[in-house]
Amino acid sequence: MSVTTMPLDQFVNDLKQMLTEASTAFDGAQTTDDLDAARIEFLGAKKGRLKAIQKSLGSIDKADKPAAGKELNATKNAINAAFESAKERLAGGASGPSNDPNFDPTLPGQRPLIGNLHPITQTINELKDIMGRLGFTHAEGPEIEDDYHNFKALNIPTSHPARDPLDNFYLHTAQAQADSIGKELHNDNPLLLRSQTSTVQIRVMETTKPPVRIFSLGRVYRPDTPDWSHYPMFHQMEGLMVDENVTLADLKTVLKLFAQSYLGGDVPIRIRPSFFPFTEPSVEADYFWDGKWVEFGGAGIVDPNVLSAVGYDPEAVTGFAFGLGVERLCMIRHQITDIRYLFTNDVRFLRQF
Ligand code: PHE
């Protein structure tokens, strides 16, 4: 049986002819059904016309095969591209050139709206950065805490007003009611939303041997009525350093370096005597900014009872701790006059940062 060979010219002509017809069919398709029918006709895997021509490749003279294969591939790509652009056109795609005669390609494009980080997030990032440079490692703790970590281990006795159900978001309502009328506790370790980040000190010291040099930063909750300076949820940053011979002088140095890094320049700071159950002595720290003394936060030397509660030897190590309000730092820096702006998510406010 003689095998007829197909001349290369004819093969190429067939391809060209088919490409023209396919492009016409794709471009003329008015619906996705039209387009699909055209796709099957030309690109169908079994009976498509491209496939049929591909089969005739077998009857091309051996010497012409590489050239024929190349043509075949080029045509295949061109047909596929014609199909894809028809598909996009039917999908209402905006990526091709517009057919609108009024379209002016020289007009400036529409600037995409780029979001930015919330001012509190920006402040948090900056605080983390500063604390990292001061040699403190970031530590985290849960926002749902138990009485032990929020109060007991921090040397806050059962009778202390800070435990009042009216001042805390307890999660066990029955427990809170029992507490409020002075009834005996059913559960001596009720859960609550943490009211301070000092809880993280305890969690870290429970699992780490001294020396410790950490900071934690996160949300705390107190049922305060919102006003310009209060909100039921806010952020605190807590620093803790425990080692041999840590003193109040170390605390003051760290606070001073911190204030200078955050506010810039030589910011005077001062400490005043205060009281916290978990520090002794306790201080209130202020910095001088914009012509007046501004409250920084609470601080002090970690109470030996706290060190004992986590299994440290208060004779061998000492430590300092401090806690700052993040919102206040953010508000001072940006001259924000009401904390509630930070949580209303009004873009007219947020866009400014
Ligand atoms: N936890 C205290 C508060 O919420 C602040 C503080 C932290 C004070 C660490 C002393 C040491 O007010």
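The values are calculated or read from the model by the stated rules, or taken from the named source; none is laboratory data. Every value quoted in this text rests on a predicted model; they were computed, and no experiment measured them. For neighbour counting, all protein chains shown are included, and Cβ atoms are generated from backbone atoms with ideal geometry for every residue, glycine included. Ligands, DNA and RNA are stripped out before the accessible areas are found, and what is left, the full protein with its side chains, is counted by its heavy atoms. Shrake-Rupley method; radii C 1.70, N 1.55, O 1.52, S 1.80 Å.
Please specify each residue of region 313-339 satisfying the condition of being farther than 14 Å from Leu251 by Cβ and in contact with a strand residue (DSSP E or B) (Cβ under 7 Å, 6 or more places away or on another chain).
Val317, Gly325, Val326, Glu327, Ile332 - these are the residues of region 313-339 that are farther than 14 Å from Leu251 by Cβ and in contact with a strand residue (DSSP E or B) (Cβ under 7 Å, 6 or more places away or on another chain).
Take Phe234 and decide whether it is in a strand (DSSP E or B) and open to solvent by 10 Å² or more (accessible area, probe 1.4 Å). Explain how you work it out, then say what you get.
Numbers: in a strand (DSSP E or B): yes; open to solvent by 10 Å² or more (accessible area, probe 1.4 Å): yes.
Against the criterion (in a strand (DSSP E or B) and open to solvent by 10 Å² or more (accessible area, probe 1.4 Å)), Phe234 qualifies.
Which one of these is under 21 Å from Ser23 (Cβ atoms), open to solvent by less than 70 Å² (accessible area, probe 1.4 Å) and touching a residue at least 60 places away in the same chain (Cβ under 8 Å): Ala78, Ala52, Ala86?
On the way: Ala78 fails: touching a residue at least 60 places away in the same chain (Cβ under 8 Å); Ala52 fails: touching a residue at least 60 places away in the same chain (Cβ under 8 Å).
One residue alone meets the criteria, Ala86.
Out of everything in region 262-304 that is touching a residue at least 60 places away in the same chain (Cβ under 8 Å) and more than 14 Å from the ligand (Cβ to nearest atom), what residue ends up being farthest from Gly132 (Cα to Cα)?
Leu263
For region 309-337, which positions are within 16 Å of the ligand (Cβ to nearest atom) and in a helix (DSSP H, G or I)?
Ala309, Val326, Glu327, Arg328, Leu329
With respect to Gly218, is the statement that it is assigned by TED's automatic domain parsing to the domain that holds Asp129, surrounded by fewer than 22 Cβ atoms within 10 Å (Cβ to Cβ) and modelled with pLDDT under 95 true? If you could, list the steps in order and put the result at the bottom.
Numbers: assigned by TED's automatic domain parsing to the domain that holds Asp129: yes; surrounded by fewer than 22 Cβ atoms within 10 Å (Cβ to Cβ): yes; modelled with pLDDT under 95: no.
Here the answer is no, as Gly218 does not meet what is asked.
Only one of (1) near the ligand (Cβ under 10 Å from one of its atoms); (2) loosely packed, with under 14 Cβ neighbours inside 10 Å; (3) assigned to a helix (DSSP H, G or I) fails for Ala249. Which number is that?
(1)
If I filter region 60-72 for residues that are more than 15 Å from Asp9 (Cα to Cα) and open to solvent by 60 Å² or more (accessible area, probe 1.4 Å), do I get at least one hit? Break it down stepwise before answering.
Going through region 60-72, the residues more than 15 Å from Asp9 (Cα to Cα) turn out to be none.
No, because not a single residue in region 60-72 is more than 15 Å from Asp9 (Cα to Cα) and open to solvent by 60 Å² or more (accessible area, probe 1.4 Å).
It is to be established whether one or more residues within region 261-275 are within 28 Å of Leu192 (Cβ to Cβ), of a type outside the set (Val, Ile, Thr) and assigned to a strand (DSSP E or B).
Going through region 261-275, the residues within 28 Å of Leu192 (Cβ to Cβ) turn out to be 274-275.
Checking which are of a type outside the set (Val, Ile, Thr) leaves us with 274-275.
Checking the rest, the ones that are also assigned to a strand (DSSP E or B) come to 274-275.
Looking for residues that are within 28 Å of Leu192 (Cβ to Cβ), of a type outside the set (Val, Ile, Thr) and assigned to a strand (DSSP E or B), one finds at least one in region 261-275, hence yes.
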